[in-house]
1. Any idea which residue in segment 97-108 is nearest to G457 (Cα to Cα), counting only those that are open to solvent by 10 Å² or more (accessible area, probe 1.4 Å) and touching a Leu at 6+ places or on another chain (Cβ under 7 Å)?
2. Hey, does segment 697-711 have a residue that's of a type in the set (V, I, T), over 30 Å from F502 (Cβ atoms) and open to solvent by less than 40 Å² (accessible area, probe 1.4 Å)?
3. Find the residue count for segment 32-80, including only residues that are in a strand (DSSP E or B) and either over 17 Å from the mean Cα position of the chain (by Cα) or not polar (S, T, N, Q) (or both).
4. Please go through segment 678-696 and pick out each residue that is of a type in the set (V, I, T) and exposed (fewer than 15 other Cβ atoms within 10 Å of the Cβ).
5. Go through segment 21-31 and count every residue that is touching a residue at least 12 places away in the same chain (Cβ under 8 Å) and in a loop (DSSP other than H, G, I, E, B).
6. Would you check which residues across segment 727-743 are of a type in the set (A, V, I, L, M) and modelled with pLDDT of 95 or more and list them?
7. So Y674 ticks every box in (1) more than 38 Å from the chain's Cα centre (by Cα); (2) loosely packed, with under 15 Cβ neighbours inside 10 Å; (3) among the hydroxyl-bearing types (S, T, Y); (4) in a strand (DSSP E or B) but one. Which box is left unticked?
8. Can you report the number of residues in segment 396-422 which are acidic (D, E) and either in contact with a Leu (Cβ under 8 Å, 6 or more places away or on another chain) or crowded, with 20+ Cβ neighbours inside 10 Å (or both)?
Amino acid sequence: MRNYSKYIFCLFLIAVVGTTTYGQVLPDVQNSFNNYNANALNEKLFVHTDKEAYTAAELIWFKIYNVDGIDHNPIDLSKVAYVELLDANKNVILQAKIAMKNGSGSGSLYIPVTVSSGNFILRAYTSWMKNFSPDYYFSKKLTIINPQKSPEAVKAIADNYDVQFFPEGGNLINGITSVIGFKATNQWDQGVNFSGAIIDAKNDTVVKFSPLKFGMGHFTLKPDINAGYRAVINIGGKTIQKQLPRINSSGYVINLTDNGSGQLQATVSSDSQNGTVYLFAHTRGAIKLVANAGLNNGVAIFTIDAAKLGDGISHITIFNDAKQPVCERLYFKRPAANLLIDAATDEQVYHTRKKVTVDIAAKDQGNNQLAADLSLSVYRLDSLQGIGHQDIRNYLWLSSDLRGNIESPDYYFKNTGKEVDEAVDNLMLTQGWSRFDWNKVLNNKAPEFKFLPEFNGPIVSARLINLVNNQPAPDIIAYLSVPGKRLQFSAARSDSIGKLIFNIKNFFGPGEIVAETNTEVDTNYRVDILNPFSEQFANTNLPPLAITAGMQYDMGNHNLGTQIQNIYNINKLRQFYDPHIDSSAFYGTPYKTYLLDNYTRFTTIEEIMREYVSEVNITKSKGKFNIKVLNEIGMYEADPMVFIDGVPFFNTNKVFAADPLKMYKLEVVPFTYYLGPSVAGGLFSFTSYKGDMGGNEIDPHAVVLDYDGLELQREFYSPAYDNDAAYRSRIPDFRNVLYWAPYVNTAATGKNSLSFYTSDQTGHYIGVIQGITTNGIAGSQNFMFDVVK
């Protein structure tokens, strides 16, 4: 918690320092804005997958980058990332919890053979990100083909088009010339071409318009409140009529222009002839400019030095005399800094089963070498597997700050010129009002967070229910244990709505959890474990998978290659890295450890405790055993906790009824032990030989669940043909992904070199590198080579 608080405090200082120049302009708004953002930092995730098209029974390999929302520096806040694969109906196909460290993590997902062919969404988020809209989770489209399963029949769907109009700034005002952005998409959120016109009530054409790129464009209109405008659009052989947004009798309009000289001009027009308007510009929550200007004949002009705005998307908001936000405009500034990655193979053409060496160098525009955290995938290009449009740079600086589908985001980064500038401005125009809720800010409403950041490891959330009235139960202590060789245990007190928060650190792989209350004290409660995955979904429409005749050969080739991999190399595909976690129990090193085979074997637990453990006093009253831990002045007041294989037994008689011959060891902590809200007068932990609690039954009131912890990281299998026997091996190698390396670090030298071997698959191959530096400079690069017989 200390590190998290330090980050919040630093974020607040950055925001305050950045606004001192504008202290006399809108001071109340600035203070409210800073206070709100100091409590609402954002994480962004980017996921690099090894490719974007798969067959059933393949593995999806991925690397996750976590950065802060302001400057995109890698952030070591959340230690867990959640990854899901969703189908077109938002049904969950696959889920995984990925361990994060120093702002990155990696993993893999096995695609089941039962999955149907289609397009899917891979999404990723942290627990902290669940406090915000799912529109800002990371997501990307993946294609999966299952040649072994007949494709589901695709219902014929008539083309359905949506056309929207976006007045610059948000509103149309009677008699004030406005720029109006427009966007036309099909039912799959893909931009479409069309021709359109604005017609007035007299059926006169006021203006004609058509999109520039991706179904987006703009036109200029001086609206007349009495004109009765309608838009007539010819699209896909259909004629659509649509009303323009409502025309207001009064208000404000903003027009932002960029003449390319580095100076922006924001012209604010209003039906009010006099008064003061304020311009407030921020980039991802960091204030960049606050200024005021007087209206002169209803017009105020602001000149903005583009250099003062941050890279990426800035929000420019206009406030009126009453300090109310009346207009908003987004502006995109291409990031000046770029991670330049040089990557080249030692040859351009290779034979099958030959070694490929790749030299990698990372630098900035000044040719200075940079240390960068990179990931690399090398795969075969064909009719199924192409080159993706999304990379870490265009995602962080553009897509991650906008809602909805951003079609071909690489277009805005890889191209330059007047048309591209206009296209990106159209994209900004058609976003409408942003995700920023000014009402909450100005009313000084602190953000409400339901989910905590997992900065120490997985959090298991639960709700405590009173069985008498079936209502949430507040202020009751509950316990959660993870049985096994590495004992993990957590205690939590339920809040006012019965919620429990259990902290479990370094819980890897599938296992069991046991949740319960102390039934010797609290008998009428049930613990319900809550789903750790997000139950909110963005409004994403996936197009159906179109399989062409030209794809049939590659489908069969991929399927054959996957089957060969799973037949001949199945054991190598199931190798996992050791997570290197501390294997000690939650209480650390015990005060004493009794290996029971080293002592006389008694036939009861009571005799073991009386004869071996000198720190306890055993009594029996009314048929019930009681244990008290002795100290230098008497006995601890609190009762100790007794565990068998990591599960607490609050009924001491059950412990004393256990078979001691099934117990391997006893560990003792004869001191007062604090664990969250729970206080124990010592700990006694028995470990059985078989890990089955010596045959003892868990309390029937306890909840026992299968529960998946953090995913164990799978090793990528890449055979080495480094000797004649391996080269001549008759085991076929039909890999289409030759290499996957989630952690390729260039260190201070800015350089790295790696190697791998080609398979038996000939063709054209691409290497895709993504990465980021410690100060948030992102970049990507591709290299290509051919494999022949």
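The values are calculated or read from the model by the stated rules, or taken from the named source; none is laboratory data. Since we're looking at a predicted model, the values are computed, not measured. Cβ coordinates were reconstructed from backbone atoms using ideal geometry, including for glycine residues, and neighbour counts include every protein chain displayed. Heavy atoms of the whole protein, side chains included, go into the accessibility calculation; ligands, DNA and RNA do not. Shrake-Rupley method; radii C 1.70, N 1.55, O 1.52, S 1.80 Å.
1. Restricting to residues being open to solvent by 10 Å² or more (accessible area, probe 1.4 Å) and touching a Leu at 6+ places or on another chain (Cβ under 7 Å), the top hit is A99.
2. First, pick out the residues of segment 697-711 that are of a type in the set (V, I, T): 698, 703-704.
Retained after the next criterion (residues that are over 30 Å from F502 (Cβ atoms)): none.
Within segment 697-711, none of the residues are of a type in the set (V, I, T), over 30 Å from F502 (Cβ atoms) and open to solvent by less than 40 Å² (accessible area, probe 1.4 Å).
3. Within segment 32-80, the subset in a strand (DSSP E or B) is 43-49, 53-55, 59-68, 74, 80.
Retained after the next criterion (residues that are either over 17 Å from the mean Cα position of the chain (by Cα) or not polar (S, T, N, Q) (or both)): 43-48, 53-55, 59-65, 67-68, 74, 80.
Matching residues across segment 32-80 total 20.
4. None - no residue of segment 678-696 is of a type in the set (V, I, T) and exposed (fewer than 15 other Cβ atoms within 10 Å of the Cβ), so the list stays empty.
5. Summing the residues that are touching a residue at least 12 places away in the same chain (Cβ under 8 Å) and in a loop (DSSP other than H, G, I, E, B) in segment 21-31 gives 2.
6. To start, the set of residues in segment 727-743 that are of a type in the set (A, V, I, L, M) comprises 731, 737-738, 741.
Listed by number, the residues that qualify are V737, L738, A741.
7. Of everything listed in (1) more than 38 Å from the chain's Cα centre (by Cα); (2) loosely packed, with under 15 Cβ neighbours inside 10 Å; (3) among the hydroxyl-bearing types (S, T, Y); (4) in a strand (DSSP E or B), Y674 misses just condition (1).
8. Of all residues in segment 396-422, those acidic (D, E) come to 401, 407, 410, 419, 421-422.
Now restrict to residues that are either in contact with a Leu (Cβ under 8 Å, 6 or more places away or on another chain) or crowded, with 20+ Cβ neighbours inside 10 Å (or both): 401, 419, 422.
Matching residues across segment 396-422 total 3.
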